[in-house]
Amino acid sequence: MNEFIKRIVPADRLSGERPWATRIDWILFLAFFLIVCAGLVTMNSFVGDNSFFERQIMWAPISIIFFFLISFIDFRFLRRTEVVVTLLIVIVTFLLALLALGITVKGAQSWFNFGGISFEPADLAKIILVILLAKYFSRRHIEIANVRHILVSGAYSFILFALIVLQPDFGSAIIIFCIWLGMVLVSGISKKHLLVVFLGAIIIFGVLWNFGFKDYQKQRIMTFIHPLSDIRGVGYNVWQSTIAFGSGELWGKGIGYGTQSKLKFLPEYQTDFIFAAFAEEWGFFGVIILFGLYGVVIWRILVNSFHGATNFEILFGLGVATYIASHFIIHVGMNIGLLPVTGIPLPFMSYGGTHLLMESTALGILMGMRGYAKTAHKDLVHNEFIGPV
């Protein structure tokens, strides 16, 4: 297939590396930058002890600088098996060490603390899983119908899933599952194998319900089924979030005038419920603009992925799109009462240096891959990715 492409596509369209300025997808960067700014503006409108904005205003430029610095790197080395295995060993070591040395925040032992700077390995685990699955499926996309590859990739993912559940960080564990499921789907799984996957997920959920979930996690799920059954208890967060979201109406209450967050009725308005805080101040039209910005980010990630130099780069881009989209869908869903509260941040917008840095890293890696991407005809990319029709 590669020799065929070389014969019919000019060489300068396949192998020439782009100058640095053109390897950056400026449309993607602008959308990413505006979302970060929206998060900062929303946090800055809070009253009282507002250390969230002060810390995030430091992490935002660091993450953006990191995005540009990473784009200089040639990431073809990630295709090497020894590199991917090393990354897996490193993240498993981090997650195991976390169970003994991590600090506990709000019931979850998910953080390392280094002199006042906290680091959450689960965010790094998501990117490493994307790299791992991209490497695995890139060499096996023709024979993906073989259920063995579904089971092997699932075993890799389950290692990270289980270690994260033990913290317990159910939100990040859900994202790990979504990344695996999304990448399996784009790799060409058969419908009967998909049915097996969902049946397996149901069995795993049953096991976790009886032996893995904490009482507060079970309460959150039950609140999802009956959201108004205990609005003064476990249902309080969702109830206040839906009030904040609805009270924004068409045009919003204005920056700094969101009563639910300003008066602190809305809990965790800087992280888990920042979308509701934003919607209250910016209203329906502001939400539409925000959705549009996320749509641009996902669109540009997909465009760049399908111009990847090899199957690995294509799959990596699709994995990043799944990673960002999963965070976005679940966060918005739990803010408007359609999904249970799982503590998942809104990409690029919620407070937190680790996840913002990791999200910037994922986009920076994509830009690095864009630097040596081919611009072959989309039909050739389609054939190389899933085989000739």
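Annotations for the structure displayed:
- Out of 324, 314, 330, 301, sole residue that is touching a His at 6+ places or on another chain (Cβ under 9 Å), modelled with pLDDT of 90 or more, under 21 Å from residue 185 (Cα atoms) and buried (at least 19 other Cβ atoms within 10 Å of the Cβ): 314
- Leading residue by the ranking (surrounded by the fewest Cβ atoms within 10 Å (Cβ to Cβ)) among those in the stretch 288-298 that are under 14 Å from residue 37 (Cα atoms) and among the aliphatic types (A, V, I, L, M): 289
Every residue, every condition in (1) surrounded by fewer than 18 Cβ atoms within 10 Å (Cβ to Cβ); (2) not in a strand (DSSP E or B), yes or no:
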residue: 85; (1), (2): yes, yes
residue: 99; (1), (2): yes, yes
residue: 109; (1), (2): yes, no
residue: 118; (1), (2): yes, no
residue: 125; (1), (2): no, yes
residue: 151; (1), (2): yes, yes
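- For residue 285, the criteria (1) at pLDDT 90 or above; (2) in a loop (DSSP other than H, G, I, E, B); (3) surrounded by fewer than 21 Cβ atoms within 10 Å (Cβ to Cβ) hold in every case but one, which is (2).
- Condition check for residue 371: in contact with a Leu (Cβ under 6 Å, 6 or more places away or on another chain), over 19 Å from residue 61 (Cα atoms) and of a type in the set (Gly, Ala, Ser): no
- Of the helices (runs of 4 or more DSSP H) lying entirely inside the stretch 189-270, the ones with 2 or more residues being of a type outside the set (Ser, Thr, Tyr) and at pLDDT 70 or above are found at 191-207, 215-225, 236-247.
- Reported count of residues in the stretch 288-314, each being touching a Lys or Arg at 6+ places or on another chain (Cβ under 9 Å), of a type outside the set (Phe, Trp, Tyr) and either within 26 Å of residue 253 (Cβ to Cβ) or not in a helix (DSSP H, G or I) (or both), is 4.
- Residue within the stretch 45-66 that is polar (S, T, N, Q), within 18 Å of residue 354 (Cβ to Cβ), under 21 Å from the mean Cα position of the chain (by Cα) and at pLDDT below 75 present: no
- The condition (being acidic (Asp, Glu) and without any contact (Cβ under 8 Å) to a residue 40 or more places away in the chain) is satisfied by just one residue among 359, 280: 280.
- Residue check, residue 179 within 26 Å of the chain's Cα centre (by Cα) and either closer than 30 Å to residue 154 by Cα or modelled with pLDDT of 75 or more (or both): yes
- Any chance residue 351 is touching a Ser or Thr at 6+ places or on another chain (Cβ under 7 Å), surrounded by 24 or more Cβ atoms within 10 Å (Cβ to Cβ), in contact (Cβ under 8 Å) with a residue 12 or more places away in the chain and not hydrophobic (A, V, I, L, M, F, W, C): yes
- Filtered residue count, the stretch 333-348, keeping only those that are on the phi > 0 side of the Ramachandran plot and either buried (at least 24 other Cβ atoms within 10 Å of the Cβ) or in contact with a Pro (Cβ under 9 Å, 6 or more places away or on another chain) (or both): 2
The values are calculated or read from the model by the stated rules, or taken from the named source; none is laboratory data. This one's a predicted model, so the numbers in the text were calculated from it and none came from an experiment. A quick note on method: Cβ atoms are made from the backbone with ideal geometry, for glycine too, and the neighbour counts reach across all protein chains shown.
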